[in-house]
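To start, the structure itself, in structure tokens.
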């Protein structure tokens, strides 16, 4: 509940990052969970994770290495690197428990937490749409779009994925724990109705996938399959009901706007253009990519007259993001490892053990849901989605390991039985407490007790779990030093002057780029702080930062570079930049640098200038 449900439900936020507490608690909670598990794992028999988990782990190691070799500022690499390392450890731990048949350690708590988080998010969604005045930003986040549920994560697509994960968790728990059909029907109806309130097109696709699961999975009880198939009808009825409520009360329902946008050809907002720009970047640097963490800088500084007007720090597609930042070969290897891991885990999908097959199919469905979401956005860049996804991958992989062990045990038993029956002398019955080993020699429980222990992974898990907890505390203090720049009331004692707060915040390793941003965008002579642009340029370029950067370059005598940045800013057509370009429209004399012809410098030339 602490590691998975609570992070999805935190409404409070402190600038400059709206989901900081959600992500911090997810990281700390999963670290604590791993730390507690490691204490028991140290006394368990040798670690077994099955045939699929090593391939997942290989992909995670490559992702971690990509952050180590990146040229991005170290502070902006430590957070994702820590998340990938913790995610890999969670995957192995979950796989080990599932291989050992112990769902109660990871799988069942994960499903219960996802269901609880989803059900409480239903309450949040109802308030945001039907009683928005109650949303105080403390327990329930105020919706930024009238008539639309965005959850306490403040993103409707993320909310819809959580709700659909909740549907899958409800199905698994209902079948595994023999819940009544009426209870399951009520849970699914509430969750699907909340998906309607998000007006998320990604959510609609997820509901269709939920119904498809009911169609293809013949191992589910027949009535459960019918309920899953009926979810599409529940969605349609819910949509119609909300439309009628909106029409009769005059209240807003964002779903009407979504339908209009889709019918007018805007099915994916501005994603089509950002994908086209990203493909151009991949074509320009197909082998090594632009560098992990450098996407926003390379795209913002690249020449794209047809770019979307929003400022993007991600391509909104998992495969494209990997390819543009790390190159096509890296992407093929990482995705190949993940797909091979899925293939290696397929045995559990057709297991003769009903519970094992149900778990594998549920885990696969939930992985497919987040993978579909990752084709349109980047949920795995948030810890509260990344870490549960790693646990799901471990669950799926571990069930395959358990199936492989069960099949091997059955083969060994059959072989031993054939040897026993073909023997000239009758076999001596095993004494109580003894079992036959694969060699045909008797063993006892003491032999199992003396099996090799987890002398490697348990200490590693302890280190990573404890490191996650300590790192979370450090990150909280580091973030707080930056937050007081934007909200002085958060300071302990005298907040001091703005300049003093910025100076202290700049020492932050993880979040100092926010302080740099404040300094360079507020400077009267930005050329005097040109060196302070390094970190914010790798975070997110926006109108204020690009304007300040262009002025700083011009003030330092780098006129071609300044003209290049100004031309890129003009491509965004942002109303906030109109004042900057006003002299070009009024015919001021002499014309300032922003009115100069586009110098169209290469990214390498821009980077070389900045390094000087």
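Mind telling me which of the residues 118, 93 ends up being more than 16 Å from the chain's Cα centre (by Cα) and at pLDDT below 95?
Details: 118 fails: at pLDDT below 95.
None of the other options fit; the residue is 93.
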Just to be sure, is residue 128 in contact (Cβ under 8 Å) with a residue 40 or more places away in the chain, farther than 26 Å from residue 360 by Cβ and assigned to a helix (DSSP H, G or I)? yes
I'd like the full set of residues that are buried (at least 18 other Cβ atoms within 10 Å of the Cβ) and either more than 29 Å from the chain's Cα centre (by Cα) or over 12 Å from residue 196 (Cβ atoms) (or both), limited to region 231-249. 242
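Residue 506: surrounded by fewer than 22 Cβ atoms within 10 Å (Cβ to Cβ) and not assigned by TED's automatic domain parsing to the domain that holds residue 299, yes or no? Quick ask: steps written out before the conclusion?
On the way: surrounded by fewer than 22 Cβ atoms within 10 Å (Cβ to Cβ): yes; not assigned by TED's automatic domain parsing to the domain that holds residue 299: yes.
Yes.
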Whether any residue in region 250-261 is modelled with pLDDT of 95 or more, in contact with a helix residue (DSSP H, G or I) (Cβ under 9 Å, 6 or more places away or on another chain) and surrounded by 20 or more Cβ atoms within 10 Å (Cβ to Cβ) is what I want to check. no
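Can you name the residue in region 580-612 that is assigned to a loop (DSSP other than H, G, I, E, B) and either in contact with a strand residue (DSSP E or B) (Cβ under 7 Å, 6 or more places away or on another chain) or under 25 Å from residue 295 (Cα atoms) (or both) and, of all such residues, is modelled with the lowest pLDDT?
612
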Every residue in region 48-71 that is more than 23 Å from residue 346 (Cβ to Cβ), at pLDDT below 90 and crowded, with 20+ Cβ neighbours inside 10 Å, please. 70
Filter result for residue 516 (assigned by TED's automatic domain parsing to the domain that holds residue 565, surrounded by fewer than 21 Cβ atoms within 10 Å (Cβ to Cβ) and closer than 25 Å to residue 80 by Cβ): no
Being touching a helix residue (DSSP H, G or I) at 6+ places or on another chain (Cβ under 9 Å) and over 24 Å from residue 299 (Cβ atoms) narrows it down to one of 535, 544, 504, so name that one. 504
Given (1) more than 24 Å from residue 109 (Cα to Cα); (2) in contact (Cβ under 8 Å) with a residue 24 or more places away in the chain; (3) in a helix (DSSP H, G or I), identify the lone condition not met by residue 375. (3)
Evaluate region 299-310: report whether one residue or more is more than 20 Å from residue 603 (Cα to Cα) and assigned to a helix (DSSP H, G or I). no
Residue count, region 214-258, condition more than 30 Å from residue 147 (Cα to Cα) and either in a helix (DSSP H, G or I) or in contact (Cβ under 8 Å) with a residue 12 or more places away in the chain (or both), comes to 12
Answer yes or no: is there a residue in region 315-327 that is surrounded by fewer than 19 Cβ atoms within 10 Å (Cβ to Cβ), in the same structural domain as residue 60 (by TED's automatic domain parsing) and not in a helix (DSSP H, G or I). no
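If only one of 117, 137, 147, 101 is out of contact with any strand residue (DSSP E or B) (no Cβ under 6 Å at 6 or more places or on another chain) and either without any contact (Cβ under 8 Å) to a residue 40 or more places away in the chain or crowded, with 24+ Cβ neighbours inside 10 Å (or both), which one is it?
117
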Quick one: would you say residue 77 is surrounded by fewer than 24 Cβ atoms within 10 Å (Cβ to Cβ), at pLDDT 95 or above and part of a helix (DSSP H, G or I)? no
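The values are calculated or read from the model by the stated rules, or taken from the named source; none is laboratory data. Keep in mind it's a predicted model, so treat the numbers as computed, not measured. As a convention, Cβ positions derive from the backbone with ideal geometry for all residues, glycine included, and neighbour counts pool all protein chains shown.
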